[in-house]
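**Student:** The structure that follows is given in the form of structure tokens.
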Amino acid sequence: MVIAAGPWSNDLIKPLGYNLPLFPMRGYHQNFKVNEKNTIHHSMFDMDKGFVMGPMQQGIRITTGAEMTTMNAPKNFGQLETVLKLARKILPLDDAVESEAWAGSRPCMPDMKPVIGPAPKHEKLWFAFGHSHQGFTLGPMTGRLVEEMIHEKPLLVDIEPFSAERFSK
């Protein structure tokens, strides 16, 4: 069995005696309809103000930085509202695609490296979570590594830095 449940992974492994320092970071974004006045063909990143805007299938997406919070905390759209005022000075963003902006939690570890590998206390249990904001990017490689470990193949990379046991030392 592979535990790869993002920010909910700790909920699944705690009853088995694991207590890893996984914590959520929440991000927000909103999409806006594209029109002849706001069409862009590449992403733009305002490092000083802390937001990204980019063309997506759903429209022009405006994203925020991360919010340190708990999984059950109420949504706080303040950061998004602030960056939307700034983004609207660059592009006319009149019509939101969704009635409410998206909010989602990313699974983070204190060292910002995922947990990948065998569960220390249970045979045939594997961990593959904690990829922070890089889950879609690192997911295929994590899947490959887990498959290599399960089938006892040579590993493409050293998984020691990603061991769950790094937090018990």
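**Student:** Going by amide H atoms built from the backbone, whose H comes under 5 Å of the H on R106, apart from near neighbours?
**Tutor:** So R106 has HN proximity to M25, R26, G27.
**Student:** Could you work out how far apart the two model spin labels at S43 and S132 are, taking each label as a point 7 Å from the Cα in the direction of the beta carbon, and quote it in nm?
**Tutor:** 1.5
**Student:** With no solvent and one equal point scatterer placed on each C-alpha of the stretch 130-169, evaluate the Debye formula and give log10 I(q)/I(0) for q = 0.16, 0.29, 0.34 Å⁻¹, two decimals.
**Tutor:** Result of the Debye calculation: -0.46, -1.06, -1.12.
**Student:** Related question: What does a probe at V97 reach in the stretch 57-85, counting residues whose amide N is under 13 Å from the point 7 Å along Cα→Cβ?
**Tutor:** 57-63
**Student:** Taking the 0 to 90 degree range and rounding to the nearest ten, how far is the long axis of helix 78-87 tilted relative to the main principal axis of the chain, both from C-alpha atoms?
**Tutor:** 50
**Student:** For the stretch 20-79, state which trypsin sites (Lys or Arg not before Pro) are in a DSSP loop and have at most 15 other beta carbons lying within 10 Å of their beta carbon. Provide the component values of the computation, followed by the final result.
**Tutor:** On the way: sites: R26, K33, K37, K49, R61, K75; in loops: K33, K37, K49, K75.
For trypsin sites (Lys or Arg not before Pro) across the stretch 20-79 that sit outside H, G, I, E and B with at most 15 neighbouring Cβ atoms in 10 Å, the list reads K33, K37, K49, K75.
**Student:** Please check: in the Gaussian network model of the chain (C-alpha springs, under 10 Å), which one of A119, A96, A66 has the largest mean-square fluctuation.
**Tutor:** Evaluated over the chain, the most mobile residue of the options is A96.
**Student:** On a C-alpha basis, how far is the centre of the stretch 64-107 from the centre of the stretch 116-169 in Å? Whole number, if you could?
**Tutor:** 32
**Student:** Identify which of L155, L145, L84 has the largest mean-square fluctuation in a Gaussian network model of the chain, with springs joining Cα atoms closer than 10 Å.
**Tutor:** In this elastic network of the chain, the residue with the biggest mean-square fluctuation among L155, L145, L84 is L155.
**Student:** Give a quick list of trypsin sites (Lys or Arg not before Pro) in the stretch 117-163 that DSSP marks as loop, anything other than H, G, I, E or B, with at most 11 other Cβ atoms within 10 Å.
**Tutor:** Working: sites: K121, K124, R144; in loops: K121, K124.
Answer in residue order: K121, K124.
**Student:** Given H placed on each backbone N at 1.01 Å, which residues far from M56 in sequence or on other chains put an amide H within less than 5 Å of it?
**Tutor:** Under 5 Å from the amide H of M56: R61.
**Student:** Suppose every Lys and Arg Cβ carries +1 and every Asp and Glu Cβ carries -1, with no other charges. What dipole size does the stretch 64-169 come out with about its Cα centre, to the nearest 20 debye?
**Tutor:** Numbers: 12 positive and 14 negative charges, 46 e Å.
Charge dipole of the stretch 64-169: 220 debye, to the nearest 20.
**Student:** Sticking with this structure for a sec: Can you list, largest first and rounded to whole Å, the semi-axes you get for the stretch 101-169 by taking the square root of 5 times each eigenvalue of its Cα gyration tensor?
**Tutor:** Working: eigenvalues 94, 44, 23 Å².
Largest first, the stretch 101-169 gives 22, 15, 11 Å.
**Student:** For the stretch 66-146, count the residues as N, evaluate 2.2 N^0.38 Å, and divide the Cα radius of gyration by that value, please. Write out the running numbers ahead of the final one.
**Tutor:** On the way: Rg = 17.9 Å, N = 81, 2.2 N^0.38 = 11.7 Å.
Cα Rg divided by the expected 2.2 N^0.38 Å: 1.53.
**Student:** What is the distance, in nm, between label points placed 7 Å from the Cα along the Cα-to-Cβ direction at K33 and at D11?
**Tutor:** Inter-label distance under the simple model: 3.6 nm.
**Student:** With runs of 4+ DSSP H residues as the only contributors, calculate the mean residue ellipticity of the chain at 222 nm using -39,500 (n - 2.57) per run, divided by the residue total and rounded to the nearest 500. Walk me through the numbers before you get to the answer.
**Tutor:** Working: 3 runs with 31 residues, N = 169.
Result for the chain, helices only: -5500 deg cm²/dmol.
**Student:** Taking the dipole about the Cα centre of the chain, with the C-beta of Lys and Arg at +1 and of Asp and Glu at -1, give me whichever of M71, Q57, S9 is farthest to the positive side.
**Tutor:** The listed residue farthest towards the positive side: M71.
**Student:** Could you check the spin-label model distance between E160 and L125? Points 7 Å from the Cα along Cα→Cβ, value in nm.
**Tutor:** 2.5
**Student:** Average the reciprocal distances over every distinct pair of alpha-carbons in the chain, invert the result, and give the Kirkwood radius in Å. All intermediate terms of the calculation are to be shown ahead of the outcome.
**Tutor:** Working: mean 1/r = 0.0556 Å⁻¹.
By the Kirkwood definition, the hydrodynamic radius is 18.0 Å.
**Student:** Could you pull out the longest piece of the chain with no exposed loop GluC sites (Glu not before Pro) in it, calling a site exposed if DSSP puts it outside H, G, I, E, B and it has at most 13 other Cβ atoms within 10 Å? Don't jump to the answer; show the numbers that get you there.
**Tutor:** Numbers: sites that count: E36, E98, E100, E123, E152.
Excluding the exposed sites themselves, the longest stretch runs over 37-97.
**Student:** Would you mind telling me which residue in Q30, Q57, Q79 has the biggest mean-square fluctuation in a Gaussian network model of the chain, where springs connect alpha carbons within a distance under 10 angstrom?
**Tutor:** With Cα springs under 10 Å in the chain, the top fluctuation among Q30, Q57, Q79 is at Q57.
No lab work stands behind these numbers, since they all come straight from the coordinates. These numbers come from a predicted model, not from an experiment. Note: ideal-geometry Cβ built from the backbone for every residue, glycine included; neighbour counts use all protein chains shown.
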